[in-house]
Each structure stands twice: as structure tokens, then as C-alpha cells.
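First the structure, in the form of C-alpha cells, and then the observations on it.
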Amino acid sequence: MLAVAAGDSSMPSDMFACLAGGETWRGRVACRKKDGATYETFAIISPIKNRAGEIINYVSVERDVTRELEAERYMRQSQKMEAIGTLAGGIAHDFNNILAVILGYAELACKNTAPDSTIKSWLDQVFKAAERARALVKQILAFSRRSEVERRPVQVHLVVKEALKLLRATIPTTIDIRERIDTSAGLVIADPTELHQVLMNLCTNAAHAMEERGGVLTVSLGPAAVTREESGLHPELTPGSYVRLSVGDTGAGIAPDIIDKIFDPFFTTKALGKGTGMGLSVVHGIVKGSGGAITVNSTPGSGAIFDVLLPRVVEEIAEQQETLTPLPTGTEHILIVDDEELVINISREMLVTLGYSVTGFTDSVDALAYFTRHPEAFDLIITDQTMPRLTGFDFAGKASAVRPDIPVILCTGFSEALNDKKIADSPVKALVMKPMNMRELAGTIRSILDGGGQKTAADKKGG
Ligand SMILES: Nc1ncnc2c1ncn2[C@@H]1O[C@H](COP(=O)(O)OP(=O)(O)OP(=O)(O)O)[C@@H](O)[C@H]1O
Ligand SMILES: [Mg+2]
């Protein structure tokens, strides 16, 4: 008789063969207590033999390793997250270059299209989506280097409206999207890109749940008050004013035995390759990070509703509206260095549109050779940081050895690789995050060329 542990245990198949052969067996055993709770042990089981060498009993020594295994799993998971971060960071970096091209050509096309044409309105959509992607890339880069997100007062209804527009295009028409948006819901302190992500993840899940039979997706937004009694339901919330965002569906619903797990990272009921199980854990992280709470209610078979509560900012802080003043222009000569030819082309077109003349190089060593021969021909250098042979930063240093007053704008997707002290002591006058946006770049160029301490174009032409 082999008695291993109280309750059930599932024996590894190799164990009996090993013991029957008179050997000692070592390994992990999954066990179940009488109350149904599971635990895992590491067991060493040895046969006890009589004088004749027959097995008459077994002795088993076990150690409960449930916690150790949990810690190990946790470690593996955080290593996995770390790896995802590194991978995502790399992809985001390349994606930035592609986006630079999309954004740049969309801007150029906008400039060359009649303001009231349909094409202009389509281009505006391209532009908006690309801007959103740019923000997402920034977000991925932030995640991969775990920096802070940019929280500021946000009108939630504006983010919701924009996300719904995007969703309508991606969700099948068998799903009816209903909006109940109270535009006076108010402001919350959050990162708009993160809020957008919350909505996209919740609505995508809802759409998946209704994939087979269609249904109704309801997105509601409005003010809410959390009273002292209610705060018992949400121990993490203090009583006060909130904004409530609800996403409801009429899909399959969530079974009671998994509802406690759906916010766990990597928990998914979807087929391999269809879902990562990260959607809700990201949502949960964002909501908590913004000082809010998320709850879910579901009746299996008739749908689910996710409620997000975010603290409302009482004082009305008007959202900054981008003032559409004309772009600042100029006539100076700019040297552009970037190993991506497409980036050079788009930058050239942008800058030529603004009135500048431009010379471009895809190789920083060639660029340096040219600059050394014609140092006075240029008023400004714009260079990428990450280039083979000679980085943008080193190129700037060598160029300034040839002509100490040459200002440099350094473009980078990974600004963390450069430390502030190094930048302060260098000819680099500004760091620009890629992909560049025309307004940002036009402004930076002018402020450098006209800026105090810099030799201005007028000085140079005069001298
Ligand atoms: N609206 C919903 N209706 C029914 N089940 C849901 C709903 N939302 C989430 N779930 C369940 O929760 C699980 C986890 O959701 P989560 O968004 O974290 O991951 P996923 O959707 O499976 O994958 P991913 O979002 O990474 O593509 C889902 O697999 C599904 O079983
Ligand atoms: Mg999901």
C-alpha cells in the first residue's frame, strides 16, 4: 500500500515502474486537500524490503513546494514581461521610422489639398490615426523602459468619441454599437493614450464575445458619485465625484469560475494565437494607475458589463487647444543626416516647403567629409542619432570641431541612451523625438536659428 498524502494526488506515470523495480523515486506530485485546495510537493519515495528482498512497504518524505513554484512562475512571468519590453522597444524604434514617412507625407498632402475637399477630410483621418500611433509608440517605448506616463486633465468624452470612430471601422456590422455619452461627464487626470487603450481593449473583448451571433455593444459615460456606503464595494476608492465609463455587451458572458482570473496577465480562454490574455491586465493597470477602479458583472449567456470609475477633477482646466498659427519658415541651408533614405526625403520635402534649402546624406562619414570641405555653407545640422560607423552625437562633436558655432538638432527614438550632462556640453542644441512632426520641427529650427547665443542667419549672411 502506498500512502502519499492526505487527500488525492495524481501520481506521475514513471513512479510506479521505478518503485516496482526497487528503486527510490524523486519528483513532483500534485495533490488535493479534502477541501479541494490544490498544492504541490516534492517527494522522495523509497521501497522498504524484507530480508528476502520483497517490497513490504514504502517510506515517503515530502516537502510542500507550492510557494516556491509560485515564486518561480512569477519570476518567469516577470522575465517574460522584460523580454516583451525589449522586443517591443526594438519594434517601436523601427516603427517610428515608418511612421515618420506616413506622417510626413500626410502633412505634405494636407498642405497641397484644398481645405474644403473630401480628400482633405480623409487625410485628416490618416493624420489623426498616425498621430495616435505615434503616441502609442511613445507608450510602448515608455513601457519598455518603464518610465512614467504623461497624465494630464482629459475630457474623457473626447477620447471615447474618437475611439468609437475607430472601433466602428473594425467591429463587424452584426454588432450594433450604442453610445450613451454625457459630454458633461467631466475631466479626469489620465494619459489620453492609455484611456484610449482601455476603451479599445474592453470593446474588442465585447466584440469577441459577440462574434458568433452579433449583438449590442453599449458604451456609456457619465458622472458618478461614490458614497461612503458604496466605497465599501471599492475599498481602494475614497468617497467623492467620479466619472463612470461602462462597456456592456450581449455576448456569451463570463463563467463564475473564471471571473476572478480574467484580470490576471496571460489569462485567456481564446485559442492559441487569438489572444494573449494581456488585454484586461493592461486595462486594470491603467485604471489603478489613474486612481480608479474596475469591476465586472456578468450573467453567463446574456452578456457582461465592465464598469470603470475614475476620479473626477472638479476645477475646470480647459484642455490645451493647439493654436493653428502658420508654421514658421526660413531660407537657411540645412544639412540632414539619416541612414534611412525615406526619412531624408520626407524631411527634405517638409523643409523645402517651409522655404529652407536642404542637403541630405545617408552616411554620416560622407556627411562629415562634405561638411569639412564646406563648413560655411550650412546654418544648421539635423542628424539622426543611431547610425552605423558614426553616431549622430559623435558626428555633431566632429562637425563642431570644424566649425564651433554650428548648431545641431539630434533626432532620436531612444533619448535615454544619451545623458543630459553629455548633451549640455555638446553642440547639440535640441533633441527631437522621432518621428518628427512638422510643426514641432519648424518651431525648433526657428528657435535655434533665432535663439540667444546662436549665430543667427542674419549675422552669418552679414559676416
Ligand atoms: N466581454 C467579455 N465577455 C466574455 N468574456 C470576456 C469578456 N472580456 C473578457 N473576457 C474573458 O476574459 C479573458 C481575458 O481577457 P483579456 O482581454 O485579458 O485577454 P484576451 O482577450 O483573451 O486576449 P488579448 O486581449 O490579449 O487579445 C478572455 O479570454 C475572455 O475569456
Ligand atoms: Mg482582450
Candidates Val358, Val365, Val352 - the one that is surrounded by fewer than 16 Cβ atoms within 10 Å (Cβ to Cβ) and closer than 30 Å to Asn112 by Cβ: Val352
- request: Would you confirm whether any residue within region 288-297 is under 25 Å from Asp182 (Cβ atoms), more than 7 Å from ligand 1 (Cβ to nearest atom), open to solvent by less than 50 Å² (accessible area, probe 1.4 Å) and part of a helix (DSSP H, G or I)?
  value: yes
- request: Please determine, by comparing only the residues of region 125-143 that are open to solvent by less than 60 Å² (accessible area, probe 1.4 Å) and of a type in the set (D, E, K, R), which one is farthest from Ala442 (Cα to Cα).
  value: Arg132
- prompt: Between a first residue in region 423-445 that is among the small types (Gly, Ala, Ser) and a second residue that is in a strand (DSSP E or B), which pairs have beta carbons less than 9 Å apart while being 6 or more apart in sequence or on different chains?
  reply: Ser426/Val408; Ser426/Leu410; Ala430/Val408; Ala430/Ile409; Ala430/Leu410
message: For the structure I just gave you, tell me whether Leu217 is under 16 Å from Asp307 (Cβ atoms) and more than 8 Å from ligand 1 (Cβ to nearest atom).
response: yes
- prompt: Restricting region 261-274 to residues that are surrounded by 11 or more Cβ atoms within 10 Å (Cβ to Cβ) and farther than 18 Å from Met210 by Cβ, which is nearest to ligand 1 (Cβ to nearest atom)?
  reply: Phe267
task: Hey, can you tell me all the residues within region 236-268 that are of a type in the set (Phe, Trp, Tyr) and part of a strand (DSSP E or B)?
output: Tyr242
query: Which one of these is away from ligand 2 (no atom under 16 Å from the Cβ), out of contact with any Leu (no Cβ under 7 Å at 6 or more places or on another chain), on the phi < 0 side of the Ramachandran plot and not aliphatic (A, V, I, L, M): Pro239, Pro265?
result: Pro239
task: Would you confirm whether any residue within region 192-209 is in contact (Cβ under 8 Å) with a residue 40 or more places away in the chain, surrounded by fewer than 18 Cβ atoms within 10 Å (Cβ to Cβ), touching a Pro at 6+ places or on another chain (Cβ under 9 Å) and not hydroxyl-bearing (Ser, Thr, Tyr)?
output: no
message: Just the residues that are closer than 23 Å to Gly89 by Cβ, surrounded by fewer than 19 Cβ atoms within 10 Å (Cβ to Cβ) and modelled with pLDDT of 90 or more, please, taken from region 391-416.
response: Asp394
- request: For Ser220, indicate whether it is open to solvent by less than 40 Å² (accessible area, probe 1.4 Å) and modelled with pLDDT of 80 or more.
  value: yes
- prompt: Mind checking whether some residue in region 169-186 is in contact with a helix residue (DSSP H, G or I) (Cβ under 7 Å, 6 or more places away or on another chain) and within 15 Å of ligand 2 (Cβ to nearest atom)?
  reply: yes
- prompt: Of Leu351, Leu280, Leu324, which residue is hydrophobic (A, V, I, L, M, F, W, C), at pLDDT below 85 and not in a strand (DSSP E or B)?
  reply: Leu324
- line: Of the residues in region 101-113, those that are in contact with an Asp or Glu (Cβ under 8 Å, 6 or more places away or on another chain) and crowded, with 19+ Cβ neighbours inside 10 Å come to Leu103, Gly104
statement: Residues of region 11-54 being under 21 Å from Glu68 (Cα atoms) and loosely packed, with under 10 Cβ neighbours inside 10 Å, in sequence order, are Gly36
- prompt: Quick one: would you say Ile254 is open to solvent by 20 Å² or more (accessible area, probe 1.4 Å), without any contact (Cβ under 8 Å) to a residue 12 or more places away in the chain and over 25 Å from the mean Cα position of the chain (by Cα)?
  reply: no
- prompt: Just checking, how many residues over region 268-303 are within 15 Å of ligand 2 (Cβ to nearest atom), under 25 Å from Ala190 (Cα atoms) and touching a residue at least 60 places away in the same chain (Cβ under 8 Å)?
  reply: 6
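The values are calculated or read from the model by the stated rules, or taken from the named source; none is laboratory data. This one's a predicted model, so the numbers in the text were calculated from it and none came from an experiment. Reconstructed Cβ throughout: ideal geometry from the backbone, glycine too, with neighbour counts over all protein chains shown. In case anyone asks, the SASA skips ligands and DNA or RNA and just uses the protein heavy atoms, side chains included. Shrake-Rupley method; radii C 1.70, N 1.55, O 1.52, S 1.80 Å.
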